[in-house]
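These notes are about the structure you will find just below.
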Amino acid sequence: MKAKLFVTLITLLVMNISCQKKVDIEAEKTAVNAVINDMEKVFETNDAELLSKLVSHNPDNIFFGTDAAESFVGYDNFIEAQKRFFLSVEKGGEITFRDVVTKIGKNGDVAWVSCLMDWKGKSQGEPFAYEGIRMTIVLEKQEEKWLIVHLHGSVPVSGQSVKY
């Protein structure tokens, strides 16, 4: 009886493993990085429509910008704030994501990206330039499409706040 149970369990385990979807990690990384490249386009062209296609429309998404007031929960809050932001920043800025590290979860349905962002542009006629904004972006695969569900940008401070 024990041998029969053991054989049954092994058979079920093998069936389960063989039925699991194989994830092509490199193909998924390429797809995620295409979304990141499109994010560069969004902020260079102030394209809220393209941004809407890259971001999940879930009400529980969380987005943090570099400003203390830039904390948005949900798609609607985020997209409305971005539309207001685009009104104050001139089109034609230059954004570069560099030192991009992309990781894909083992099931192929979640990804996270860390990178540094350099940004040059004009706001209300005045030039601005930021280098080394730290970005973390989390994406979920929803209906076979990678969408951003979390974004966090921060500006590092000079020097150590706590010595270690």
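Every number in this text was worked out from the coordinates using simple rules, so none of it is lab data. Remember, it's a predicted structure, so these values are computed and weren't measured experimentally. Ideal geometry is used to build each Cβ from the backbone, glycine not excepted, and the neighbour counts take in all protein chains shown.
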Completion exercise
One would report the antiparallel percent of DSSP beta bridges in the chain, rounded to the nearest 5, as 90 percent
Exercise for the section: With an 8 Å cut-off on Cα pairs and a minimum separation of 6 or more residues, tell me the relative contact order of the range 24-154 in percent. Expected result: 25 percent
Problem - Cross-link partners of residue 145 among lysines (Cα-Cα below 21 Å; sequence separation of 8 or more within a chain) - result: 21, 22, 29, 41, 53, 103, 106
Fill in the blank from the handout: Given all pairs of distinct Cα atoms, the range 24-154 yields a Kirkwood Rh in Å of 15.0 Å
Fill in the blank from the handout: Cβ-Cβ cut-off under 14 Å around residue 118, Lys and Arg +1, Asp and Glu -1: the net charge is -2
Completion exercise
Note on the chain: helices (DSSP H) long enough, at least 27 Å by alpha carbon along their axis, and hydrophobic enough, mean Kyte-Doolittle at least -0.5, are 25-45
Practice task
Hand me the trypsin sites (Lys or Arg not before Pro) from the range 58-99 located in a DSSP loop with no more than 16 other Cβ atoms within 10 Å, in residue order please.
Solution key: 91
Problem - Mean-position separation - Cα centroids, the range 148-164 and the range 109-139, in angstrom - result: 13 Å
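Work through the residues other than residue 132 whose Cβ is under 10 Å from its Cβ and net out their charges, Lys, Arg +1 and Asp, Glu -1. Write out the running numbers ahead of the final one.
On the way: positive: 98, 134; negative: 99, 118, 131.
Taking every other residue near residue 132 into account, the sum is -1.
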Problem - Listed residues 54, 97, 108: farthest to the positive end of the dipole of the chain (Cβ charges) - result: 108
